[in-house]
1. Test each condition in (1) over 15 Å from residue 26 (Cβ atoms); (2) exposed (fewer than 14 other Cβ atoms within 10 Å of the Cβ) for residue 121 and report the one that comes out false.
2. Before we move on, is residue 101 surrounded by fewer than 16 Cβ atoms within 10 Å (Cβ to Cβ) and acidic (Asp, Glu)?
3. Which pairs turn up if I take residues in region 175-187 that are within 19 Å of residue 101 (Cβ to Cβ) and look for partners that are at pLDDT 75 or above and surrounded by 10 or more Cβ atoms within 10 Å (Cβ to Cβ) with beta carbon separation below 9 Å, at least 6 apart in sequence or on another chain?
4. In region 92-106, which residues are part of a strand (DSSP E or B) and touching a residue at least 24 places away in the same chain (Cβ under 8 Å)?
5. Given the structure, is residue 126 part of a helix (DSSP H, G or I) and within 21 Å of residue 19 (Cα to Cα)?
6. If the Cβ limit is 8 Å and pairs must be 6+ apart or interchain, which residue in region 74-91 that is surrounded by 14 or more Cβ atoms within 10 Å (Cβ to Cβ) pairs with which residue that is among the basic types (Lys, Arg) and part of a helix (DSSP H, G or I)?
7. Can you tell me which of 160, 146, 170 is of a type in the set (Gly, Ala, Ser) and at pLDDT 95 or above?
8. Any idea which of (1) closer than 27 Å to residue 29 by Cα; (2) at pLDDT below 90 is the one residue 114 doesn't satisfy?
Amino acid sequence: MEVTEDNNTSETTELRRIDPRAIKKWRLSRLIAFLIMLAVIVIAYFLLWTRVTEDFSAEAIQKITLIAGLITGGILLLQLLNLIVYPEIEYRQWSYCLTPDRIEIKKGIIFHSTTIIPITRIQHVMVSEGPFARLYGLAKVDITTAGSTSEIDGLSAETARELCDRMKNAVNTKVLDKKLRQNPSLVQQSSSTVEQQNNNGENS
């Protein structure tokens with residue numbers, strides 16, 4: 001499937017990208033998480049350093065400092081990658097596609113995953129907006145099935161609402177088709193009702 005920008009909401013078999021503003025949202029939320037982690041590390045170092053200098057020899061302190069520095073440096077490096085590099089990769093990997101029969105979601109950074117949800121399995125669809133998402137005019141669509149919950153993150157608020165409505169319509173259509181297959185007489189009743197309404201309209 002071809003991946004296209006999310007600049008319209010027409011039904012298509014093409015995979016659509018999420019909104020590019022998602023990159024800024026992810027970076028802001030991860031920056032705050034990074035700063036909180038950094039503050040926790042600094043406070044922990046300060047508290048532990050006082051205890052270490054009292055209870056250990058100079059040689060032991062040197063080894064402890066080296067090990068702690070390597071561990072902390074590795075953690076901070078991963079967090080910096082998560083802050084600076086990963087949002088760009090994540091944006092390029094996120095895509096979705098809605099057809100009358102299924103919703104397909106592709107995402108991942110290092111490990112890529114593809115989730116295909118049949119329309120008939122969808123139980124609930126809703127739009128949610130966190131504080132960082134609202135700051136950039138974004139939202140996500142939460143999709144609940146009998147056994148799991150999936151989401152399409154990083155959509156514009158308007159696109160999220162329209163996609164949610166389209167999925168609900170697709171679910172309702174599938175439910176109606178199933179009822180008609182199980183009870184063909186409903187088709188005749190529906191046709192008779194429509195014909196009667198048309199006749200009443202002409203007579204009036």
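1. Going through the list (1) over 15 Å from residue 26 (Cβ atoms); (2) exposed (fewer than 14 other Cβ atoms within 10 Å of the Cβ), residue 121 breaks only (2).
2. Judged against the criteria, residue 101 is a match.
3. Every condition considered, the pairs that remain are 175/120; 178/120.
4. Our first condition is that a residue be part of a strand (DSSP E or B); within region 92-106, this holds for 95-98, 102-106.
If the condition is that a residue be part of a strand (DSSP E or B) and touching a residue at least 24 places away in the same chain (Cβ under 8 Å), then 95, 96, 97, 98, 103, 104, 105, 106 are the ones that fit.
5. no
6. 79/30; 82/30; 83/27; 83/30; 87/27; 87/30
7. None of the other options fit; the residue is 160.
8. The number of the failed condition is (2).
The values are calculated or read from the model by the stated rules, or taken from the named source; none is laboratory data. Just so it is clear, the model here is predicted, and its values are computed rather than measured. Using ideal geometry, Cβ is built from the backbone for each residue, glycine included, and neighbour counts are taken over all protein chains shown.
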